[in-house]
Amino acid sequence: MQRYSAVSLLRHALSGHKGWGRAWRAPEPKRSYDVVIVGGGGHGLATAFYLAENHGIRNVAVLEKGWIGGGNVGRNTTIVRSNYLLDGNTQFYEFSMQLWEGLSQALNFNVMFSQRGQLVLAHSADQLDAFSHRANIMRLNGIDAEILDRDEVRRLTPYLDFSDTARFPIAGGIFQGRAGTARHDAVAWGYARAADRHGVDIIQGCEVTDFVRDGGRITGVVTTRGTIHAGRVGLAVAGHTSVLGAKAGLDLPIESHVLQAFVTEPLKPLVQHVVAYGADHFYISQSDKGGLVFGGGLDGFNSYAQRGTLAAVRDVAEAAVALMPCISRLRLLRHWGGVMDMTPDASPIISPTPVDGLHLNGGWCYGGFKATPASGWCFAHTLATGEPHPLSAAYTLDRFRTGWTIDEAGAGPYAWLQ
Ligand code: FAD
């Protein structure tokens with residue numbers, strides 16, 4: 001693996017950063033691979049890395065229609081947490097957290113994982129009671145969780161509205177100290193570079209438009225750069241899961257919706273943790289550059305556009321100012337959108353499909369960034385062995401037929417209301 005000494009870093013800086021080598025190759029697609037992964041987002045790239053690293057399967061291609069990091073992996077608000085309640089989710093997301101804790105070392109790439117803690121606010125005694133239930137379940141599973149009363153929340157977050165006229169008074173909160181944020185594009189680049197070093201071909205500007213079939217089995221993909229044959233095909237296309245699923249003959253229980261994110265002009269350090277409003281659609285953290293990074297709920301109608309509406313901007317701004325009146329005169333620098341693949345129970349799918357040769361990783365809704373390491377780990381296992389990994393065994397496609405759903409929308413940015 002390429003390493004840089006302090007001297008070479010200085011030389012690159014003084015030469016105007018013109019001499020850097022490519023972080024990953026730009027190969028021509030081969031005619032055939034053992035595994036083809038469609039989608040070069042966090043999940044596709046992590047899957048390719050763990051296929052090589054954990055299973056020794058290196059004849060792998062990741063096909064990306066745009067560029068690495070152009071999808072949701074580079075458009076999210078980077079929150080990583082493992083505060084889930086339901087069996088299946090609890091263990092899976094905690095495993096992901098443990099992988100995050102060693103990810104920079106595993107990839108030899110600084111993903112800037114910052115365990116600054118996440119606080120979710122409670123605005124009534126009943127809500128705090130529900131959070132206590134969640135905290136107890138987390139602790140019984142060996143996951144850190146604390147219940148804070150109003151005064152403890154105030155000590156952590158004095159900038160919130162604790163006045164008598166606050167729209168939704170703060171009663172307390174649930175805090176996970178190991179939660180935090182990571183640098184999203186570094187995650188994509190780190191996995192891409194590490195997968196490439198194992199011999200994985202990362203092919204950008206290569207859109208999959210159809211599938212190659214031999215009888216009922218999928219044996220490859222048709223792309224804008226020619227036909228590529230594959231022993232197995234894995235889909236990891238996030239907001240386009242239902243589109244590609246339909247081309248394979250699958251009618252998936254997934255809808256695509258837009259979620260927006262926002263960043264303000266930079267401030268001195270103010271928000272030390274990740275904070276989520278428990279009464280409206282709003283959550284916030286502060287970036288290393290000082291900008292406040294925040295988001296809210298979905299735009300509310302189906303779309304494949306990577307941009308949102310002004311109505312949603314207004315809703316999120318209203319919630320922001322209700323919780324933090326001190327930021328009402330701050331200027332918004334940018335906002336953008338990403339396309340979410342929403343499942344009916346808000347839980348993902350890592351599963352073989354009824355179509356022989358085709359495996360699915362999708363339905364991550366608005367919470368898939370934190371899942372990236374565990375998702376890649378488990379999907380690689382599924383592709384390598386044909387069997388679900390024990391940690392993702394509950395995320396079958398079949399659950400929507402059998403009724404064994406994992407209904408935990410309560411983990412999303414706005415469903416803390418439930
Ligand atoms: P993507 O990066 O979208 O990768 C899918 C790739 O597939 C794309 O690059 C796309 O171009 C490619 N593709 C699609 N169709 C084709 C085709 N036909 N051929 C080839 N390639 C194709 N999650 C969290 O855990 N924490 C958060 O704080 C958080 N905040 C979010 C905020 C916003 C505004 C958004 C938009 C999302 C947020 N998420 C968050 C969700 C998270 O970003 C996603 O669940 C996750 O990134 C999806 O997986 P991915 O990284 O593989 O997706």
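General observations
- Label-to-label distance for Glu318 and His55 is 4.8 nm, based on points extended 7 Å past Cα in the beta-carbon direction.
- Karplus-based coupling profile of region 169-176, in residue order and whole Hz: x, 8, 9, x, x, 10, 10, 10, with θ = phi - 60° in 6.51 cos²θ - 1.76 cosθ + 1.60 and x standing for Gly or Pro.
- Placing a pseudo-label 7 Å from each Cα along the Cα-to-Cβ vector at Lys289 and Arg154 gives an inter-label distance of 3.6 nm.
- Estimated FRET transfer efficiency when R0 is 22 angstrom, pair Asp356-His198 (beta carbons, to 0.05): 0.20
- Dipole magnitude (debye, nearest 20) for region 205-286, charges at Cβ of Lys, Arg, Asp, Glu: 340 debye
- Sum of -39500 (n - 2.57) over DSSP H runs of 4+, divided by residues of the chain (222 nm, nearest 500): -8500 deg cm²/dmol
- Calculation over all alpha carbon pairs of region 184-255 in 10 angstrom steps from 0 returns a P(r) of 16, 43, 33, 8, 0 percent.
- Most simply put, the chain has about 70% antiparallel DSSP beta bridges, counting only bridges with both residues inside it.
- The fewest-to-most ranking of Tyr304, Tyr84 by surrounding Cβ atoms within 10 Å reads Tyr304, Tyr84.
- The Asp87 and Ala23 beta-carbon pair, evaluated with R₀ = 41 Å, returns a calculated FRET efficiency of approximately 0.55.
- Here each label is just a point 7 Å from Cα along the line to Cβ, and for Gln272 and Arg331 those points are 3.0 nm apart.
- C-alpha center-to-center spacing [region 187-236, region 1-66] in angstrom: 14 Å
- Intensity falloff of region 17-65 expressed as log10 I(q)/I(0), Debye formula with alpha-carbon point scatterers, at q = 0.15, 0.30 Å⁻¹: -0.45, -1.22
- Between Ala166 and Ser132, residue separation times 0.36 nm minus the direct Cα-Cα distance comes to 9.9 nm.
- 0 to 90° range, to nearest 10: angle between helix 42-55 axis and the chain longest Cα axis: 60 degrees
- Cα-based helix-to-principal-axis angle, 184-197 vs the chain, degrees rounded to 10: 30 degrees
- Amide N of region 348-390 lying under 17 Å from the label point, which is placed 7 angstrom from the Cα of Gln98 along Cα→Cβ: 371-379, 381, 389-390
- Cα long-axis angle, helix 372-385 against the chain (0 to 90 degrees, to the nearest 10): 30 degrees
- Whole-angstrom gap from region 97-154 to region 267-325, using each part's C-alpha centre: 19 Å
- When the square roots of the Cα gyration tensor eigenvalues are ordered a ≥ b ≥ c, the ratio a/c for region 338-402 is 1.5 or more and a/b does not exceed b/c, which makes its shape oblate.
- Cut-off 15 Å between beta-carbons: net charge of the residues surrounding Phe162, Lys and Arg +1, Asp and Glu -1: -1
- Peptide ranges 190-196, 177-183, 117-123, 15-21 listed from the most packed, as the mean C-beta count within 10 angstrom indicates: 190-196, 117-123, 177-183, 15-21
- When the inverse distances between all different Cα atoms of the chain are averaged and flipped, the Kirkwood radius reads 22.1 angstrom.
- Estimated dipole of the chain in Debye, rounded to 20 [Cβ of Lys and Arg +1, of Asp and Glu -1, Cα centre]: 1660 debye
- Estimated Rh, region 120-265: Kirkwood, alpha-carbon pairs, angstrom: 20.5 Å
- The calculated FRET efficiency for the pair Thr227 and Ala305, based on their C-beta separation and a Förster distance of 25 Å, comes to about 0.25.
- For region 1-140, the equivalent ellipsoid derived from the alpha-carbon gyration tensor has semi-axes of 37, 22, 15 Å in decreasing order.
- Residue among Thr372, Gln204, Thr181 farthest towards the positive dipole end of the chain, charges placed on Cβ: Gln204
- Compactness of region 227-365 is given as radius of gyration and Dmax, 18.5, 57 Å, from Cα positions.
Since every read-out is calculated from the coordinates, none of them should be taken as a lab result. Values in this document were obtained by computation on a predicted structure and should not be read as measured data. Cβ sites come from the backbone with ideal geometry, for glycine too, and all protein chains shown count toward neighbours.
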